[in-house]
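Here is the structure we will look at.
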Amino acid sequence: MDDNKHWVGAWTASPAPSEAGVGFNNITLRMNPRVSIGGDTLRVRVSNAYGGGNLAIGAAYVGIRDKGPAIIPGSERKLTFGGADTSTVAAGALLISDSVKLDVKSLSDLAITLYLPGDISTGFRITGRYARQTNYISPAGNFAAEINMPVGKITDEWFFVSGVDVMVSKETGGVVALGDSLTDANISTHDTYNRWPDQLARRLVGRQGGRPFGVMNQGLGGNRILHDLRGDSGLRRFDRDVLAQPGVTHAIVMLGTNDLRNRIAKPEQEATAERMIAGLGQMALRAQARGIKLIGATLTPFGNETFLPGAWNPVREGHRVAFNTWIRQSDLLDGVADFDEALRDPECPTQMLPIYDCGDGLHPSDLGYCRMGDAIDLALFD
């Protein structure tokens, strides 16, 4: 490897137990991630983190996406694993492909194709999560090498593919966005890339001068700081989803909303500002011990939420305000992304401005998500 270059994550999807309720048998998947930064050499990560058994990979390819399930002819590259065309991912394990030469531009779309020859039942515990964009499942057969893959089903899930890394100059940094559905952009418009990490990536690519950065979105719907829900808690997955990411230099953490909402209504899991502060403080210490800067993101208001009626009350609002105050004033953190200030209604600060609200009082609109990305001071990455 060139001593003047290193690997940086250009795209990620945090592994979680899939809720899609699907099984696979002798099919081909084509996943279409958009990379935040380009390069001429890449590798792909495949996760079987929650699998109940071994995952057989019968063939794998990567290429530049054209339209729909099609790849731009001539861009297709076979992926190998330790020099072999096939591989097996053990239950709970991560598989990283060999590097492959492919000129990829920043903010371009890839097509990553996996042929799964085995019978993967719904009881397998498939690793995946919703994508907010269109991906493809073939009819039965191996279509990994096809330029225009036949489509048996359309899905809006990520299955198994968990990362794309690019080889870039040593000066290039990496930003991990650790969060919940507000980071993963639930309710945003499909295939429009309106997540706030997407907007941050566009701004970092578009700025004149300045250090280049890859942006890795590790948002996971329902995620909390303190307790597991629809995947591992923020504290539990911090090593895997932040510290282990290639080239990471900065992390922006927006977690705590679901701790406050306590959607499964367990009294022992009722969160307080003090407990959330302690959890975020631990993340900061763990990051800084690795030389990673930890940026705290304030929690946006949800006082008129309809997504989960009864989730808001004045006591929980008090904890949200106290948590946000600590983030703004703490000497432990390396910076602040003030999403609360960016989205709240000045006349009613327990709620978002209507133009930034998707309509459920909890999740932002497309405009709101982009406003969050615009609210991050790029000087934090100088």
Filtered residues of the range 163-178 (kept if touching a Phe, Trp or Tyr at 6+ places or on another chain (Cβ under 9 Å), of a type outside the set (D, E) and more than 12 Å from F381 (Cβ to Cβ)): G163, V164, V166, M167, V168, A177, L178
Index of the failed condition, P69 passing every other in (1) farther than 16 Å from D40 by Cβ; (2) surrounded by fewer than 18 Cβ atoms within 10 Å (Cβ to Cβ); (3) out of contact with any Leu (no Cβ under 8 Å at 6 or more places or on another chain): (2)
Residue in the range 247-268 that is surrounded by fewer than 18 Cβ atoms within 10 Å (Cβ to Cβ), more than 16 Å from the chain's Cα centre (by Cα) and either at pLDDT 95 or above or in a helix (DSSP H, G or I) (or both) present: yes
Strands (runs of 3 or more DSSP E) wholly inside the range 132-218 containing at least 1 residues that are among the hydroxyl-bearing types (S, T, Y) and in contact with a strand residue (DSSP E or B) (Cβ under 9 Å, 6 or more places away or on another chain): 153-159, 161-169
Qualifying residue in the range 360-369 (condition: surrounded by 17 or more Cβ atoms within 10 Å (Cβ to Cβ), more than 20 Å from R316 (Cα to Cα), of a type outside the set (S, T, Y) and within 22 Å of the chain's Cα centre (by Cα)): yes
Residues within the range 341-363 that are within 26 Å of K293 (Cα to Cα) and touching a Lys or Arg at 6+ places or on another chain (Cβ under 8 Å), tallied: 2
The range 302-332, residues that are in contact with a Gly (Cβ under 8 Å, 6 or more places away or on another chain), surrounded by 21 or more Cβ atoms within 10 Å (Cβ to Cβ) and closer than 30 Å to T249 by Cα: R320, F323, I327
Residues of the range 334-378 that turn out to be of a type outside the set (K, R), within 20 Å of D198 (Cβ to Cβ) and outside any strand (DSSP E or B), as a count: 22
Residue in the range 28-35 that is in contact with a Ser or Thr (Cβ under 9 Å, 6 or more places away or on another chain) and either without any contact (Cβ under 8 Å) to a residue 60 or more places away in the chain or among the small types (G, A, S) (or both) present: no
Filtered residues of the range 116-131 (kept if farther than 21 Å from H190 by Cβ and not in a loop (DSSP other than H, G, I, E, B)): L116, P117, G118, D119, I120, T122, G123, F124, T127
Given (1) of a type in the set (D, E, K, R); (2) within 30 Å of T122 (Cβ to Cβ); (3) crowded, with 16+ Cβ neighbours inside 10 Å, number of the condition E76 does not satisfy: (2)
All positions within the range 10-37 that are farther than 17 Å from Y130 by Cα, among the polar types (S, T, N, Q) and assigned to a loop (DSSP other than H, G, I, E, B): S36
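The values are calculated or read from the model by the stated rules, or taken from the named source; none is laboratory data. Worth saying up front: this structure is predicted, and the values here are computed from it rather than measured. Methodologically, a virtual Cβ is constructed for each residue, glycine included, from the backbone with ideal geometry; neighbour enumeration extends over all protein chains shown.
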